[in-house]
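Undergrad: Quick one: this structure, given as structure tokens, is what I'll be asking you about.
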Amino acid sequence: MRVVYLFAGKRRHSDVAAFLKKAEADGRIRLELHEFDIERSPQHDLTDTSLWDQIYNTLGEGRWFLIVSPPCNTFSRARFQQRQYAGPKPLRTRTWPRGFPWLSSANMAKVEEANSFVDRCVKACHVVADADGFFILEHPEDLGTVEGEQPGSIWQWPNVLELIAACGAISFAIHQCRFGAPTPKPTRFMTNMEVKDDRCHLALPKFDKLGFYRGPLPKQCGHVHTHKLIGKTAAQWNTSPSAAYPAKLCEFISDLILNACASFGRGHKDKSGTRKRPFGDTDKSSQTPPPKRSKSTSVAVVDLTTGENFWEADTDEASSVQADTADARSR
């Protein structure tokens, strides 16, 4: 099993890598793992275009697993609470999802860097999917209107939503407290791996006419929480400790990867019915390139607030995926 993890954060005792390494120690897999984060090494500077070129080339070798969690500080909903809690001001909204054009040079630089990270992560997802691999992309859920404003979210970006049609991906939302976190911290994932878990709510975000969130996450998570993610405690922003995944969520992500790897271990059939070699097979002489994705059925993703199309695509894979995300757990 070969895994690349971008923006992996600081190394922790029970992170995703720890669960994958445990599976290797148990004899379930042979692991090749590459984790990148500037907090781990100055050589992991993901503002470096040449480093991304190396990553793309590696993923293009075929049959890699990719985990991407681009920084979300410029997207934070907490910025829209600055009238009540002194703190950084908003940098983007639904109207300006890639940043306000009137930002100061310093804030514009922050936004453009964050945008670049997301765009490059999306490209990496395409590269790995094109090479018969798997990806999982994570970012905060788009929760709609707050304080009379609609914050910007990557889940509003056309190039992110295009992964559904282009890569046969699904999108689901979770409350992180269902995985052991001290707060709900609504979070959304997109992946081309199979997901079967009652804690995962399969559907794109839904909103009413005023932009207020209507699912798929339920209004209440089922727990009583005292810790808040808004404001400061002493000198630390309350959002800071929540940046790291709880251990059970790390285990969930590692299990998704292990299950997908197991399916390849038995071989799998492509659309033509040809059985592919097991995942990780080193006999490259008999491996064939992944089949090209066909494009025969028209699909569109629509902004549920305005009724306008985010993007349109043609693919016979997307029709069933999009139907699932549109129908699942409607409120």
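The values are calculated or read from the model by the stated rules, or taken from the named source; none is laboratory data. Keep in mind that this is a model prediction, so the values were computed, not measured. Ideal geometry is used to build each Cβ from the backbone, glycine not excepted, and the neighbour counts take in all protein chains shown.
Undergrad: Mind checking which residues of the stretch 126-159 are in a helix (DSSP H, G or I), in contact with a strand residue (DSSP E or B) (Cβ under 7 Å, 6 or more places away or on another chain) and under 17 Å from M193 (Cβ atoms)? Step through it out loud before you land on a result.
TA: If we filter the stretch 126-159 for residues that are in a helix (DSSP H, G or I), which is where we start, we get 126-130, 154-156, 158-159.
Narrowing the set further to residues that are in contact with a strand residue (DSSP E or B) (Cβ under 7 Å, 6 or more places away or on another chain) leaves 128-129, 154-155, 158.
Hits for the stretch 126-159 are V128, A129.
Undergrad: Restrict the check to the stretch 61-72 and report whether at least one residue is free of Cβ contacts under 8 Å to residues at least 24 places away in the same chain and in contact with a strand residue (DSSP E or B) (Cβ under 9 Å, 6 or more places away or on another chain). Write out each step before concluding.
TA: To start, the set of residues in the stretch 61-72 that are free of Cβ contacts under 8 Å to residues at least 24 places away in the same chain comprises none.
No, the conditions are met nowhere in the stretch 61-72.
Undergrad: Would you pick out the residues in the stretch 177-215 that are of a type in the set (S, T, N, Q) and modelled with pLDDT of 95 or more? Write out each step before concluding.
TA: Keep residues of the stretch 177-215 that are of a type in the set (S, T, N, Q), which gives 183, 187, 191-192.
T187, T191, N192, listed by residue number.
Undergrad: If you check every pair at least six apart or on different chains, which have Cβ atoms under 7 Å apart with a residue in the stretch 195-209 that is under 18 Å from Q156 (Cβ atoms) first and a residue that is of a type in the set (G, A, S) and in a loop (DSSP other than H, G, I, E, B) second?
TA: Taking only residues 6 or more apart or on different chains, the pairs are A203/G215; A203/A328; K206/G215.
Undergrad: Which pairs do you get when a residue that is more than 16 Å from N159 (Cα to Cα), found in the stretch 107-122, comes within reach of a residue that is of a type in the set (S, T, Y) and surrounded by 20 or more Cβ atoms within 10 Å (Cβ to Cβ), reach meaning Cβ atoms under 8 angstrom, with the pair 6+ apart or on two chains?
TA: Close Cβ pairs (under 8 Å, with a partner that is of a type in the set (S, T, Y) and surrounded by 20 or more Cβ atoms within 10 Å (Cβ to Cβ)) amount to K110/T74; V111/T74.
Yes or no, residue by residue, for (1) of a type in the set (A, V, I, L, M, F, W, C); (2) touching a residue at least 40 places away in the same chain (Cβ under 8 Å); (3) buried (at least 21 other Cβ atoms within 10 Å of the Cβ):
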site: C125; (1), (2), (3): yes, yes, yes
site: V128; (1), (2), (3): yes, yes, yes
site: H139; (1), (2), (3): no, yes, yes
site: T145; (1), (2), (3): no, yes, no
site: S153; (1), (2), (3): no, yes, yes
site: S171; (1), (2), (3): no, yes, yes
site: I174; (1), (2), (3): yes, yes, yes
site: R178; (1), (2), (3): no, yes, no
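Undergrad: Do we have R11 as more than 29 Å from S263 (Cα to Cα), out of contact with any helix residue (DSSP H, G or I) (no Cβ under 6 Å at 6 or more places or on another chain) and either free of Cβ contacts under 8 Å to residues at least 60 places away in the same chain or not in a loop (DSSP other than H, G, I, E, B) (or both) here? Talk me through it step by step, then tell me what you get.
TA: On the way: more than 29 Å from S263 (Cα to Cα): no; out of contact with any helix residue (DSSP H, G or I) (no Cβ under 6 Å at 6 or more places or on another chain): yes; either free of Cβ contacts under 8 Å to residues at least 60 places away in the same chain or not in a loop (DSSP other than H, G, I, E, B) (or both): yes.
In short, no.
Undergrad: Would you check if there is a residue in the stretch 26-42 being outside any helix (DSSP H, G or I), crowded, with 20+ Cβ neighbours inside 10 Å, of a type in the set (F, W, Y) and touching a Phe, Trp or Tyr at 6+ places or on another chain (Cβ under 9 Å)?
TA: Taking the stretch 26-42 as the starting set, the residues that turn out to be outside any helix (DSSP H, G or I) are 26-41.
Then keep just the ones that are crowded, with 20+ Cβ neighbours inside 10 Å; that gives 29.
In the following step, the residues that additionally are of a type in the set (F, W, Y) were identified as none.
Scanning the stretch 26-42, I find no residue that is outside any helix (DSSP H, G or I), crowded, with 20+ Cβ neighbours inside 10 Å, of a type in the set (F, W, Y) and touching a Phe, Trp or Tyr at 6+ places or on another chain (Cβ under 9 Å), so the answer is no.
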